[in-house]
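> Quick one: structure below, then a few questions.
The values are calculated or read from the model by the stated rules, or taken from the named source; none is laboratory data. Treat the numbers as computed from the prediction; the structure is a model and nothing was measured. Please note: Cβ atoms are built from the backbone with ideal geometry, for glycine as well, and neighbour counts cover all protein chains shown.
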Amino acid sequence: MTKKILLSGIAGGVIFFLLGWLFYGMLFADFFENNAGTAIGVYKNDTEISLLLLFIGNLAWGFLLATIFGCWGTIKSAMDGTSKGFILGILMGLGIDLSMYATSNLMNFTAVVVDICIFGIVTAIAGAVVGAILSSGNKAN
């Protein structure tokens, strides 16, 4: 099981990283720029971003799912990982974004709601991958 947790954590982290680039870097970049809060100069430009640290942060999200699903949960399939990943993503997004909104001026409330939804979707997809890897080879599939 340790090998599956390691593999699923890495795979989940890669999915978080790639989907983060897709959603935040491409599809919704203009939206978040247009819905920024009053804080200025807080986001780094493309040349200042540390992709290594960003990747390590996304690996942490992947290993969080792998640990919850593989050590403490009973994820039986990719579909199970999708639904539980979505729930976790929404709850984590609510916790992070509402706390950030309550204490900073990084984004307006519209962006908070959209970010929570995006994080739920990204975590559902990563959860599907983690769930698929963890359940591979099980007769209960």
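> Just to check your reading of the model, which residue among THR47, THR74 is loosely packed, with under 15 Cβ neighbours inside 10 Å and within 24 Å of LEU27 (Cβ to Cβ)?
Testing whether each residue is loosely packed, with under 15 Cβ neighbours inside 10 Å and within 24 Å of LEU27 (Cβ to Cβ) leaves just THR47.
> If we scan the stretch 9-19, do we find a residue that is under 27 Å from VAL113 (Cβ atoms), out of contact with any Gly (no Cβ under 9 Å at 6 or more places or on another chain) and at pLDDT 95 or above?
yes
> Another one. Of all the residues that make up the stretch 63-86, how many are within 14 Å of THR2 (Cβ to Cβ) and part of a loop (DSSP other than H, G, I, E, B)?
0
> Can you name the residue in the stretch 57-77 that is more than 17 Å from the chain's Cα centre (by Cα) and β-branched (Val, Ile, Thr) and, of all such residues, is nearest to GLY13 (Cα to Cα)?
For the stretch 57-77, the residue satisfying everything is ILE75.
> Only one of ASP80, ASP115 is in contact (Cβ under 8 Å) with a residue 40 or more places away in the chain, over 20 Å from GLY9 (Cα atoms), of a type outside the set (A, V, I, L, M, F, W, C) and surrounded by 16 or more Cβ atoms within 10 Å (Cβ to Cβ); which?
ASP115
> Would you be able to tell me the number of residues in the stretch 1-44 that are surrounded by 12 or more Cβ atoms within 10 Å (Cβ to Cβ), basic (Lys, Arg) and under 23 Å from MET100 (Cα atoms)?
Summing the residues that are surrounded by 12 or more Cβ atoms within 10 Å (Cβ to Cβ), basic (Lys, Arg) and under 23 Å from MET100 (Cα atoms) in the stretch 1-44 gives 0.
> Scanning the stretch 87-110 for residues that are assigned to a helix (DSSP H, G or I) and of a type in the set (Gly, Ala, Ser), which turns out nearest to the chain's Cα centre (by Cα)?
So, considering only residues that are assigned to a helix (DSSP H, G or I) and of a type in the set (Gly, Ala, Ser), the one nearest to the chain's Cα centre (by Cα) is GLY89.
> Taking the stretch 7-34, which residues are in contact (Cβ under 8 Å) with a residue 40 or more places away in the chain and aliphatic (A, V, I, L, M)?
Across the stretch 7-34, the qualifying residues are LEU7, ILE10, ALA11, VAL14, ILE15, LEU19.
> Could you check the stretch 35-57 and list, in sequence order, the residues that are free of Cβ contacts under 8 Å to residues at least 60 places away in the same chain, aliphatic (A, V, I, L, M) and farther than 19 Å from GLY20 by Cα?
Across the stretch 35-57, the qualifying residue is only ILE40.
> Right, another one. Of all residues in the stretch 36-62, how many are part of a loop (DSSP other than H, G, I, E, B) and among the aromatic types (Phe, Trp, Tyr)?
Total satisfying the criteria: 1.
> Can you name the residue in the stretch 90-134 that is hydroxyl-bearing (Ser, Thr, Tyr) and in contact with a helix residue (DSSP H, G or I) (Cβ under 7 Å, 6 or more places away or on another chain) and is also farthest from ILE40 (Cα to Cα) among such residues?
The extreme case among them is THR123.
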